[in-house]
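Notes follow the structure.
The values are calculated or read from the model by the stated rules, or taken from the named source; none is laboratory data. Note that the structure is a prediction, hence the values are computed from the model and not measured. Cβ: placed from backbone, ideal geometry, glycine included. Neighbour counts: every protein chain shown.
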Amino acid sequence: MWWKKKEAKKEDKGVVIEPKKEESLLQELCGDDTKLCDLLGNYLVLDPLAGISKKDLDTLTEEAEKSGDFRPAMDKAIFEASQNLGERERYIKVIQDLALKIIHAIEQDKEKVEKEGLIDRAASLGRRIEDQKFIGERTEDIINIASEFYNEKLVELGENVRREERGKESKRAESDEWITKRTEEAEREARKKERKGMGKEDRREAENQDSREKLAAEERKEARAEERREAERENERIEAQEKTEREARKEERSGN
């Protein structure tokens, strides 16, 4: 679910993460601020619709206070803040309060492992504390970057859904074409068998009718083929438009 800089690939709930693409977007948004980029690389969710809990923030916070796992609440707070910039000040306080609670919980764990002489574990917890302090200090910057990141990801997710639907529609058209072709072939074969028992005049009329039906079938086939070609042209037009819009958004971000 979470992209980490040193991981080549990670799978969670069927989602495959490709770090290089996300690193590029984060670096684009963060610029030379590598510390912010590294932190957000561990905190931003690639698919917020699937990766962010559907529970409300208050419920997640209450659960975190009982379990000690504040990550779902922090992720939810950052995402909600990114989508509600008009309430920036309120969310800054929410995120900073969560960071303080996380620090308090980690400090208690750190004291325990230090007493047990687990130096590496204590050092790891110390780095986590520093991360939360950084979140508290840079909350507004985090919200700003998260807003641009999530807005772009939501647009991309919408594009992916529409692209998948177009692919399904294309497959349905191919399936319908195959069924139609087989049905017409079966009907022609049935008419051919039927003609064998006819008289000369009836057979001639049946053959003429079959020729007319064959011509009509060819016209219907060509009409369906034209519909597919038009669908392909429309798909190419949409893909080109989406690419242009992506480039325009990137250009706009680089100008900010």
Going by the conditions given, is Arg172 at pLDDT 80 or above, closer than 30 Å to Glu219 by Cβ and either part of a helix (DSSP H, G or I) or not assigned by TED's automatic domain parsing to the domain that holds Leu46 (or both)? yes
Which members of the range 134-190 meet the condition of being in contact (Cβ under 8 Å) with a residue 12 or more places away in the chain and among the polar types (S, T, N, Q)? Thr139, Ser147, Asn151, Ser170, Thr180
For the range 7-44, name all the residues that are at pLDDT 90 or above and under 20 Å from Glu159 (Cα atoms). Leu44
Out of the residues in the range 197-214 that are out of contact with any helix residue (DSSP H, G or I) (no Cβ under 6 Å at 6 or more places or on another chain) and of a type in the set (Asp, Glu), which is nearest to Glu184 (Cα to Cα)? Glu213
Could you please let me know if Lys112 is over 14 Å from Lys35 (Cα atoms), assigned to a helix (DSSP H, G or I), basic (Lys, Arg) and in the same structural domain as Asp69 (by TED's automatic domain parsing)? yes
Which is surrounded by 10 or more Cβ atoms within 10 Å (Cβ to Cβ) and under 30 Å from Ala186 (Cα atoms), of Ala240, Ala225, Ala248? Ala225
Can you pull out the residues in the range 175-204 that are over 55 Å from the mean Cα position of the chain (by Cα), part of a helix (DSSP H, G or I) and either among the β-branched types (Val, Ile, Thr) or surrounded by fewer than 13 Cβ atoms within 10 Å (Cβ to Cβ) (or both)? Lys200, Glu201, Asp202, Arg204
Hydrophobic (A, V, I, L, M, F, W, C) and modelled with pLDDT of 85 or more: which single residue out of Leu154, Leu215 fits that description? Leu154
Could you grab me the full set of residues in the range 204-244 that are within 22 Å of Tyr150 (Cβ to Cβ) and touching a residue at least 40 places away in the same chain (Cβ under 8 Å)? Glu242
Quick test for you: out of Asp32, Asp69, Asp75, pick the one residue that is touching a strand residue (DSSP E or B) at 6+ places or on another chain (Cβ under 7 Å) and on the phi < 0 side of the Ramachandran plot. Asp75
